[in-house]
Amino acid sequence: MSDATVPAMFGPKSAARWVGAVSGAVLPVMAVVAAIVAIWYGGSVMMNRAWTLDQIERRGLEMTAMEIVADAMNQERPVLPTPHQVFAELWDTTVVEPVMRERRGTLQGNPRNLLFHAYHTLWPTILGFGVGTFLGILLAVGIVHSRAMDMSVMPWAIASQTIPILAIAPIIVVVVSNLPALNNAVDQGWISEDTKLLVPKALISSYLSFFPVVVGMVAGLRSPQVSDLDLMRTYSASRGQTFWKLRLPASVPFLFTSLKVSIAAALVGTIVAELPTGARFGLGARLLTGSYYGQTIQIWSALFMAAICAAALVILLGALEKIVLKRMGVRP
Amino acid sequence: MPDPVSSQSVDQRAASVISARGLDLTFQTADGPVQALRDVNLEIGKGEFVSFIGPSGCGKTTFLRVIAALEHPTGGQITVNGMTPDEARKSRAYGYVFQAAGLYPWRTIEKNIKLPLEIMGFDAAEQDRRVKNVLQLVDLEGFGKKFPWQLSGGMQQRASIARALAFDADILLMDEPFGALDEIVRDHLNEQLLQLWARTEKTIGFVTHSIPEAVYLSTKIVVMSPRPGRITDVIESDLPRERPLDIRDTPEFLAIAHRVREGLRAGHAYDD
Ligand SMILES: Nc1ncnc2c1ncn2[C@@H]1O[C@H](COP(=O)(O)OP(=O)(O)OP(=O)(O)O)[C@@H](O)[C@H]1O
Ligand SMILES: [Mg+2]
């Protein structure tokens, strides 16, 4: 009946165990990364070689095999950029290039900096994610509490996700951009033109992000066992009390799992929304201009930045999840 | 051996808290109807400790759930404190202890015990007072701030009893609360439960599979038999209310245990 086992879990041994776990995890991860980099370089050389050989023939140059490989790894517009090219570009466009620049007498964001574009993508992503999550939770609550909603909403929610977003994104962008209310707000000076561009992005982002939340929350809100619900019945608890004191806390782990899926979907949504808007800013715009001008290195660095953003958001949510679940007494 | 009818007429002298007359309950399942209770007649007086014993599937849980208005009978009548079970539940007539402790894992022991108090709208000071009180009652002082997983199975079960006691219902319904515990812990909890019962004068309905447990705890033992679930014997215990554990070796105790065993056997013979 003693609780001596509990503090023992946090003893000095845990530090050693932690180091062990990290080194145990780091080695395989390093191995996988090394393999990917090797394959990547191999692929780059194979795919870029043709252009080098073509140049040699046209200009009548003499090159050794090593020189050909070196050239294939350092072309200006390679078919497949090499890792060091992509990371040099990432470094240049985030660290070397200033974040802000002086323009028409005011300090503005610098469109040559990739962080500037990341910011323009992240902001609607977070907004859309917030709206999508809110709507998703609301729909899930409705579905769990009303049979009519269960029967009617779920099929629509599923159908909504089968529509290719790439196809309807331009429609949404055109319709939203021409909403009288929105244009009016711009005319009145309530919101800037840039903020207006944010609306369709956030909308498409929320469109993609609400669905995982609905599915996860419906499962979570329905996760209490019959015996847990029976306990509430013996107290004559109202539906509201059962919701706040049982269903909602029980759904939290489910919610976090779907939030992680949802935030990634929100990011994809924003980037897709940037493609047809003709947006000048944002990672999607960067991808688009990159492909216009055949700047493959720029495309790849934008892709990497998108992946870094997604990872950062998911890690952030993971940290939040840890804190919340710990406060909820989940066994460590 | 006195027949069930005459032992029931003895009870009716006491104020009846739970009264079942000709109770039937048939579950409609995919494989057709399952009769879980048939013609159940029982009177439970105030302050009695009633055990239900019988083979698996004889309807013990079902009967307890009918009392607590978690199931509704398909025939016959049942009153609790002179009301329907639904009305009785609204007037907070019972605390229910399930076979599994069923503590909410995201609440500390203290907060788990507060759950019914929050739902029933007790103010914060009163909640604290009651939590302290019942934690003491089940011998769990100092564990209020712990989460359920930090407690042993027996401690969790006591916490769940504390939760059922917190709002001070007159009737305590317990469905095999100690079923999953080892003999020694079980003996200890049985002793504690008897002391608690003596102190609080609650009416207790207690489901068990153990004959010694039933005889040790009860003032009345209800023997049930399956397919369909019905009462085959109701045994009044004449053991003193003060019961040390070694009462289980006395001839009086053994005689009652023998009669329970006979009742269980008879139920099976009837079945075959
Ligand atoms: N919700 C239900 N739906 C259908 N049948 C049920 C339901 N609950 C119980 N039963 C059936 O009713 C009968 C009595 O079940 P009950 O749970 O009351 O038995 P029990 O005496 O408590 O058994 P045990 O000792 O194993 O707990 C069984 O045949 C069971 O299959
Ligand atoms: Mg049972």
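The values are calculated or read from the model by the stated rules, or taken from the named source; none is laboratory data. Quick caveat: nothing in here was measured; it's all calculated off a predicted structure. When we count neighbours, we look across all protein chains shown, and the Cβ atoms used for this are built from the backbone with ideal geometry, even at glycine. Surface accessibility is based on the protein's heavy atoms, side chains included, excluding ligands, DNA and RNA. Shrake-Rupley method; radii C 1.70, N 1.55, O 1.52, S 1.80 Å.
Numerical summary
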{"item": "Extreme residue, positive dipole direction of the range A:108-327, given options A:Leu221, A:Ile263, A:Leu127 (C-beta unit charges)", "result": "A:Leu221"}
{"item": "Only Lys, Arg (+1) and Asp, Glu (-1) charged, at Cβ; chain B dipole about Cα centre in debye", "result": "700"}
{"item": "Chain A: most fluctuating residue of A:Val96, A:Val268, A:Val176 per GNM, C-alpha cutoff 10 Å", "result": "A:Val96"}
{"item": "Full-extension gain in nm, B:Leu245 to B:Thr200, via 0.36 nm per residue minus C-alpha separation", "result": "14.2 nm"}
{"item": "On Cα atoms only, tilt of B:183-200 relative to the major axis of chain B in degrees", "result": "80"}
{"item": "Longest segment of chain B lacking GluC sites (Glu not before Pro) that sit in a DSSP loop with at most 15 other Cβ atoms within 10 Å", "result": "B:1-140"}
{"item": "Along chain A, longest interval not containing exposed GluC sites (Glu not before Pro), exposed being DSSP loop plus at most 15 other Cβ atoms within 10 Å", "result": "A:77-332"}
{"item": "Average other protein chain Cβ within 10 Å of Cβ, residues B:92-101", "result": "2"}
{"item": "Separation in nanometres of the label points that stand 7 Å from Cα toward Cβ, at A:Ala319 and A:Asp150", "result": "4.0"}
{"item": "Given charges at beta-carbon only (K, R positive; D, E negative), |dipole| of the range A:224-332 in Debye", "result": "340"}
{"item": "Long-range amide H partners of B:Leu37 with built H, under 5 Å", "result": "B:Leu25, B:Gly229"}
{"item": "Charge context of A:Arg233, other residues only, Cβ under 15 angstrom, K/R +1, D/E -1", "result": "+2"}
{"item": "Peptide A:231-240 - average C-beta neighbours from other chains (10 Å radius)", "result": "6"}
{"item": "Using alpha-carbon coordinates, inclination of helix B:153-165 to the longest axis of chain B, degrees", "result": "90"}
{"item": "Positive-end extreme of charge dipole, the protein assembly as shown - chosen from A:Pro180, A:Met73, A:Leu313 (charges on Cβ)", "result": "A:Pro180"}
{"item": "GNM flexibility winner over chain A from A:Ala88, A:Ala118, A:Ala181 (Cα, springs under 10 Å)", "result": "A:Ala181"}
{"item": "Considering only chain B, percent of DSSP beta bridges that pair antiparallel, nearest 5", "result": "55"}
{"item": "Length-normalised contact order for the range B:101-168 - Cα pairs under 8 Å, 6+ apart - percent", "result": "51"}
{"item": "Within 10 Å of each Cβ in B:70-79, the average number of Cβ atoms from other chains", "result": "1"}
{"item": "Contact surface A-B: accessible area buried, both sides summed, square angstrom, 1.4 angstrom probe", "result": "2400"}
{"item": "Cα lying deepest toward the dipole's positive end in chain B, options B:Ala255, B:Thr62, B:Tyr96, charges on Cβ", "result": "B:Tyr96"}
{"item": "10 Å beta-carbon shell around B:Val222, net charge (K/R +1, D/E -1)", "result": "+1"}
{"item": "Loop-located chymotrypsin sites (Phe, Trp or Tyr not before Pro) in the range A:182-229 whose Cβ has at most 11 other Cβ within 10 Å (DSSP)", "result": "A:Trp190"}
{"item": "Filtered trypsin sites (Lys or Arg not before Pro), the range A:211-311: DSSP coil and at most 15 other beta carbons within 10 Å", "result": "A:Arg222, A:Arg280"}
{"item": "Of the trypsin sites (Lys or Arg not before Pro) in the range B:191-271, those whose Cβ has at most 12 other Cβ within 10 Å and which sit in DSSP loop", "result": "B:Arg241"}
{"item": "Length gained when the stretch B:Ala125-B:Arg21 is fully extended (0.36 nm per residue, less Cα-Cα span)", "result": "33.2 nm"}
{"item": "Residue-normalised accessible area of the protein assembly as shown, given per residue in Å² at a 1.4 Å probe", "result": "50"}
{"item": "Carbon + sulfur, % of accessible area of chain B - ligands and nucleic acids excluded, 1.4 Å", "result": "51"}
{"item": "Candidates A:Asp150, A:Asp187, A:Asp92, ranked by Gaussian network fluctuation over chain A, Cα under 10 Å, top entry", "result": "A:Asp187"}
{"item": "Length released on extending from B:Val34 to B:Met83, taking residue separation times 0.36 nm less the Cα-Cα span", "result": "14.9 nm"}
{"item": "Computed [θ] at 222 nm, helices only, for the protein assembly as shown once each DSSP H run of length n ≥ 4 contributes -39500 (n - 2.57)", "result": "-19500 deg cm²/dmol"}
{"item": "About the Cα centre, charge dipole magnitude for the range B:110-223 (Lys/Arg +1, Asp/Glu -1 at Cβ), debye", "result": "240"}
{"item": "Whole-percent carbon and sulfur share, accessible surface of chain A, 1.4 Å", "result": "70"}
